[in-house]
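A.B. asks: Dropping the structure in here first, questions after.
Every read-out reported here was derived from the displayed coordinates using simple, explicitly stated rules and does not represent laboratory data. The structure presented is a predicted model; accordingly, all values stated were derived computationally and were not measured. Virtual Cβ from ideal backbone geometry, glycine too; neighbours counted across all protein chains shown.
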Amino acid sequence: MDSRLILLLSLVASGVAALCSGWLDPYYYDVCISIGINIILAVSLNLVNGYTGQFSLGHAGFMAVGAYTSASITNALAVKFTGMPIGAAEVVFVLALFLGGLAAAIAGLAVGIPSLRLRGDYLAIVTLGFGEIIRVLILNMDFLGAARGLSVTWHNTNFFWTFGLASFAVYVVYNLVHSTYGRGFVTVRDDEIAAEAVGINTTKYKVIAFATAAFFAGLAGGLYAHYKQYLTPEGFNFFKSVDIVVMVILGGMGSTAGVVAAAIILTLLPELLRMLSHLPWIPEPVQPWLENRLILYSLLLIILMLTRPQGLFGNVEFLRKFMAARRAGK
Amino acid sequence: MDITQFIQQLVNGLSLGAIYALIALGYTMVYGVLRFINFAHGDIYMLGAFFGLGLAPRMQRIFPGSHSIPGALAILIASMLLCAAIGVLIERLVYRPLRDRPRLTVLITAIGVSLFIQNVTQLLCGADPKAFPELIPVRAIEGLGDLTVLTSQATVILVTLILLFGLHFIVQKTKLGMAMRALSLNPTACLLVGVNNNTVISFTFALGSALAAAAGILVALDSPSIEPMMGNVPGIKAFVAAVLGGIGNIPGAALGGLIIGVTETLVVGYVSPAFRDAIAFAILILILLFKPDGLLGKSEREKV
């Protein structure tokens with residue numbers, strides 16, 4: 001089965017899901033949208049952290065760039081499009097999302113180019129720094145609402161756009177790293193010096209990885225903006241970046257299927273624990289421990305690193321195995 | 001430019017820089033012996049302040065009377081000891097099993113440890129800022145003309161100097177200090193000549209954590225409001241200070257801390273307070289681009 005067919009099927013599935021979503025309880029609807037947005041974020045960060053081996057801690061910053069850019073565009077056009085047919089607004093919405101993604105990609109280039117000579121933990125700190133600088137800049141921009149936050153007029157994010165773009169992100173990242181050209185990413189991860197020695201332009205690969213990941217983070221940010229309809233710089237702080245990193249690590253750095261699974265698990269887990277913590281037989285002092293997502297994440301990180309650093313799914317590519325089996329059977 | 005105002009900013013910057021310098025020493029020492037960034041170091045600094053808060057009423061019973069110097073000293077030392085123990089414990093339980101793993105694995109674990117300490121403290125003590133008791137009488141020192149130097153600022157600078165000289169003595173004159181320096185040069189050779197590397201690494205963590213705890217208490221003298229997330233930003237700025245001075249280099253970390261502190265105060269005073277937290281990152285990016293080995297660092301060739 002061709003991966004393009006899978007993409008098409010998932011697009012149709014997201015369309016059907018969007019048509020049926022009216023029946024869903026608003027709480028479950030909210031969780032589902034979060035899952036979709038988190039899949040985009042985790043899969044795109046996996047391109048940098050997992051496949052290219054460049055540890056980035058500033059993904060929330062790129063998300064912020066995309067969210068604020070696309071929200072500013074739709075906010076500016078909101079008045080003009082009030083009387084327009086539904087289709088026109090949708091086109092503008094998608095354009096705004098992509099422009100947000102582009103703005104984030106440019107920010108990604110800005111991070112990628114100067115950070116090229118860094119590796120490992122230095123790069124992590126610099127990307128953390130860039131993420132924080134983006135947040136501080138937004139805090140000081142009055143036209144973006146600064147600390148007051150920015151209201152977003154449009155509410156166009158639905159199941160189709162969220163899961164459609166999530167499928168698109170999975171498709172692009174998966175095919176990129178499994179193409180002849182894209183194996184360069186993995187080469188950079190496995191041994192940068194050796195990659196350089198056999199003539200791979202490691203610099204170019206790192207920049208492309210950063211920009212592509214930032215582009216998708218920007219898309220996710222745009223979806224988030226047009227779903228929550230309210231943005232604050234605090235929503236894109238270091239802890240948001242850590243959330244995404246935990247998804248990549250739990251799924252297994254370098255496994256798209258694993259990261260998608262981890263994004264779903266880690267979005268559901270805090271909700272499940274919140275429900276659990278209110279069960280009558282759970283003693284009151286234990287409740288806040290169960291509800292605290294960050295304690296859970298931090299323990300998860302420590303235990304994973306001590307016992308299973310390759311993540312839950314390691315380097316196993318379910319999709320790839322499945323497709324190879326199909327091809328062999330043909 | 002008004003010269004008195006400039007000197008005033010310089011004094012404020014020095015007392016802030018002293019705090020960064022104390023935290024930076026922990027980063028640089030751990031990096032020197034283990035070659036990894038201990039992300040949880042900023043949280044040890046936070047714990048230092050919280051231990052001080054918890055110990056203050058108990059110490060006041062032992063040393064009665066408000067603002068007694070022995071009482072304040074006892075709080076400082078007890079908090080340093082407690083943090084040293086916690087630093088050693090973290091190394092023993094978490095970092096030691098990971099010693100031969102890739103550096104990225106250790107970094108991720110350290111982020112986990114940092115989040116864990118912060119959130120457990122938040123659950124146990126509450127997320128709201130706490131008022132730190134006034135351990136020494138805070139007032140302006142008289143006889144300096146237009147210059148305002150608070151007793152707390154003077155204490156911060158004085159205590160930092162004493163601790164720096166103490167550290168210098170330990171690293172340069174004692175056997176454990178010599179072992180630390182040897183370990184940072186070549187761990188395998190250390191093992192061959194009979195150094196117990198584990199002891200030396202534990203000792204390094206103890207020293208670094210104790211200095212961070214002192215920084216936590218000192219910062220609470222000057223700005224008496226502490227909360228569980230207070231370690232994040234100073235931790236990162238101190239890390240930048242360590243990189244600025246040349247990571248792994250002890251005098252470099254102290255110098256870097258002072259430079260970061262003074263630069264930050266000057267930018268806040270003369271440009272805009274809005275960019276306070278972005279300055280350190282800007283310095284970090286510039287340093288890594290133009291002089292990645294830091295001001296006092298020696299360059300290391302990467303071996304294939």
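A.B. asks: In Å and from the alpha-carbon atoms only, list the Rg and Dmax of segment A:26-184.
C.D. replies: Radius of gyration, then largest Cα-Cα span, for segment A:26-184: 17.1, 52 Å.
A.B. asks: How large is ³J(HN,Hα) for each residue in segment A:123-131, as worked out from phi by the Karplus curve 6.51 cos²θ - 1.76 cosθ + 1.60 (θ = phi - 60°), to whole Hz, x for Gly and Pro?
C.D. replies: Values, residue by residue: 4, 4, 5, 5, 5, 4, x, 5, x Hz.
A.B. asks: Place the peptides A:88-94, B:136-142, A:185-191 in order of packing, highest mean first, counting for every residue the other Cβ atoms within 10 Å and averaging per peptide.
C.D. replies: Working: A:88-94: 16.3, B:136-142: 11.3, A:185-191: 19.3.
For the peptides A:88-94, B:136-142, A:185-191, the packing ranking is A:185-191, A:88-94, B:136-142.
A.B. asks: What are the radius of gyration and Dmax of the protein assembly as shown, computed over its Cα atoms and given in Å?
C.D. replies: 26.0, 92
A.B. asks: Relative contact order for segment A:225-294: what percent, with Cα pairs under 8 Å and sequence separation of 6 or more?
C.D. replies: Details: 37 pairs, mean separation 12.1, N = 70.
The value is 17 percent.
A.B. asks: Taking a virtual spin label 7 Å from the Cα of A:ASN201 along the C-beta vector, which residues in segment A:169-187 bring their backbone nitrogen under 19 Å of it?
C.D. replies: Backbone N within reach: A:176-177, A:179-187.
A.B. asks: Sequence neighbours fewer than 8 away in the same chain don't count; with that in mind, list the aspartates and glutamates whose C-alpha is under 16 Å from A:LYS228.
C.D. replies: Candidates past the 8-residue exclusion: A:ASP30.
A.B. asks: Can you tell me the mean projection area, over all orientations, of the convex hull of segment B:41-195's alpha carbons? Units nm², please. Could the numbers behind the result be given before it?
C.D. replies: On the way: hull surface 53.5 nm².
That works out to 13.4 nm², a quarter of the Cα hull's surface.
A.B. asks: In nm, to one decimal, how far is the modelled label at B:HIS168 from the one at B:LEU191, with both set 7 Å along Cα→Cβ?
C.D. replies: Taking the two extended label points, one gets 3.5 nm.
A.B. asks: For chain B, modelled as a Gaussian network with Cα springs under 10 Å, which listed residue fluctuates most, B:GLY269, B:GLY294, B:GLY261?
C.D. replies: Most flexible of the set in this elastic network: B:GLY269.
A.B. asks: Between A:ASN140 and B:VAL233, take the C-beta separation as r, use R0 = 22 Å, and let me know the FRET efficiency to the nearest 0.05. Mind dumping the intermediate values first?
C.D. replies: On the way: r = 16 Å, r/R0 = 0.75.
The computed FRET efficiency comes out at 0.85.
A.B. asks: Can you give the convex hull volume per residue for the Cα atoms of chain B, as a whole number of Å³? Working shown, then result.
C.D. replies: Values: hull volume 44.4 nm³, N = 304.
Looking at chain B, the number lands at 146 Å³ per residue.
A.B. asks: Pull out a ≥ b ≥ c, the square roots of the eigenvalues of the alpha-carbon gyration tensor of segment B:1-77, then state rounded if a/c is under 1.5, prolate if not and a/b is larger than b/c, and oblate in the remaining case. Can you show the working numbers first?
C.D. replies: Values: a/c = 3.07, a/b = 1.11, b/c = 2.76.
Cα axes put segment B:1-77 in the oblate bin.
A.B. asks: Given segment A:248-320 reduced to its alpha-carbon atoms as identical point scatterers, what log10 I(q)/I(0) does the Debye formula return at q = 0.15, 0.24 Å⁻¹?
C.D. replies: Scattering profile of segment A:248-320, log10 relative to I(0): -0.57, -1.00.
A.B. asks: Using a 10 Å cut-off on Cβ to Cβ distances, tally the other chain neighbours for every residue of B:96-106 and report the average as a whole number. If you can, show how the numbers build up before the last one.
C.D. replies: On the way: counts 0, 3, 4, 0, 0, 3, 3, 5, 13, 6, 3.
Partner-chain Cβ atoms within 10 Å, mean over residues of B:96-106: 4.
A.B. asks: Something else now. For segment B:144-201, evaluate the Debye formula with one uniform point scatterer on each Cα (no solvent term) and list log10 I(q)/I(0) at q = 0.13 Å⁻¹, rounded to two decimals.
C.D. replies: One equal scatterer on each Cα of segment B:144-201 leads to -0.50.
A.B. asks: Helix B:41-62 versus the longest principal axis of chain B: what is the Cα-based angle in degrees, 0 to 90, to the nearest 10?
C.D. replies: 50
A.B. asks: Given the options B:ILE69, B:LEU284, B:SER202, identify the residue whose Cα lies farthest towards the positive end of the charge dipole of chain B (+1 on Cβ of Lys, Arg; -1 on Cβ of Asp, Glu).
C.D. replies: Going by the charge dipole, the pick is B:SER202.
A.B. asks: How large is the helix-only mean residue ellipticity at 222 nm for chain A, computed as the sum of -39500 (n - 2.57) over DSSP H runs with n ≥ 4, divided by its residue count, in deg cm²/dmol to the nearest 500? Display every interim value, and only then the final one.
C.D. replies: Numbers: 14 runs with 236 residues, N = 330.
Value at 222 nm, helices only, nearest 500: -24000 deg cm²/dmol.
A.B. asks: Moving to a separate point now. Would you grab the residues whose amide H sits under 5 Å from the one on A:TYR230? Only those 5+ places off in sequence or on another chain, please, with H modelled 1.01 Å from N.
C.D. replies: So A:TYR230 has HN proximity to A:VAL152.
A.B. asks: May I pose another question? Grab the Cα-Cα distance for A:VAL91 and A:ASN75, subtract it from 0.36 nm times how many residues apart they are, and report the gain in nm with one decimal. Don't jump to the answer; show the numbers that get you there.
C.D. replies: Values: separation 16, 0.36 × 16 = 5.76 nm, distance 1.45 nm.
Gain in length upon complete extension: 4.3 nm.
A.B. asks: Beyond 16 Å, what percent of the Cα pairs of segment A:1-60 remain?
C.D. replies: Working: 1093 of 1770 pairs.
Across segment A:1-60, Cα pairs with separations above 16 Å total 62 percent.
A.B. asks: What order do you get for B:42-54, A:234-246, A:139-151 when each peptide is scored by the mean count of other beta carbon atoms within 10 Å, highest first?
C.D. replies: Details: B:42-54: 25.9, A:234-246: 21.4, A:139-151: 13.8.
In descending order of packing, they fall as B:42-54, A:234-246, A:139-151.
A.B. asks: Of the residues B:ILE108, B:ILE37, B:ILE287, which exhibits the maximal mean-square fluctuation in a Gaussian network model of chain B defined by a 10 Å Cα contact cut-off?
C.D. replies: With Cα springs under 10 Å in chain B, the top fluctuation among B:ILE108, B:ILE37, B:ILE287 is at B:ILE108.
A.B. asks: Tell me, what ³J(HN,Hα) does each residue in segment B:267-275 have, in order and in whole Hz, if you take phi through Karplus 6.51 cos²θ - 1.76 cosθ + 1.60 with θ = phi - 60° and put x for Gly and Pro?
C.D. replies: Result, ordered by residue: 5, 5, x, 10, 10, 7, x, 5, 9 Hz.
A.B. asks: What ranking, highest mean first, results for peptides A:68-78, A:253-263, A:13-23, B:219-229 when packing means the other Cβ atoms within 10 Å averaged over each residue?
C.D. replies: Sorting A:68-78, A:253-263, A:13-23, B:219-229 by mean packing, highest first, produces A:253-263, A:68-78, B:219-229, A:13-23.
A.B. asks: Let me ask something else. Rounded, prolate or oblate, given the Cα gyration tensor of chain A, with a/c below 1.5 counting as rounded?
C.D. replies: Details: a/c = 1.24, a/b = 1.16, b/c = 1.07.
Verdict is rounded for chain A.
A.B. asks: Please list 3J(HN,Hα) in residue order for segment B:133-140, calculated via the Karplus relation 6.51 cos²θ - 1.76 cosθ + 1.60 where θ = phi - 60°; whole Hz, with x for glycine and proline.
C.D. replies: 3J(HN,Hα) across segment B:133-140, in whole Hz: x, 7, 7, 10, x, 9, 8, 6.
A.B. asks: Here's something else I'd like to know. Would you mind calculating the relative contact order of segment B:131-206 from Cα pairs under 8 angstrom and at least 6 residues apart, reporting the percent as a whole number?
C.D. replies: Numbers: 39 pairs, mean separation 11.9, N = 76.
Taking the mean separation of contacting Cα pairs over the length of segment B:131-206, I get 16 percent.
A.B. asks: If each of A:SER277 and B:LEU89 carries a label point 7 Å out from its Cα toward its Cβ, how far apart are those two points in nm?
C.D. replies: Calculated label separation equals 2.3 nm.
A.B. asks: What relative contact order, as a whole-number percentage, does chain B give when Cα pairs under 8 Å and 6 or more residues apart are counted? Kindly include the intermediate steps, with their values, before the conclusion.
C.D. replies: Values: 468 pairs, mean separation 113.0, N = 304.
Across chain B, relative contact order equals 37 percent.
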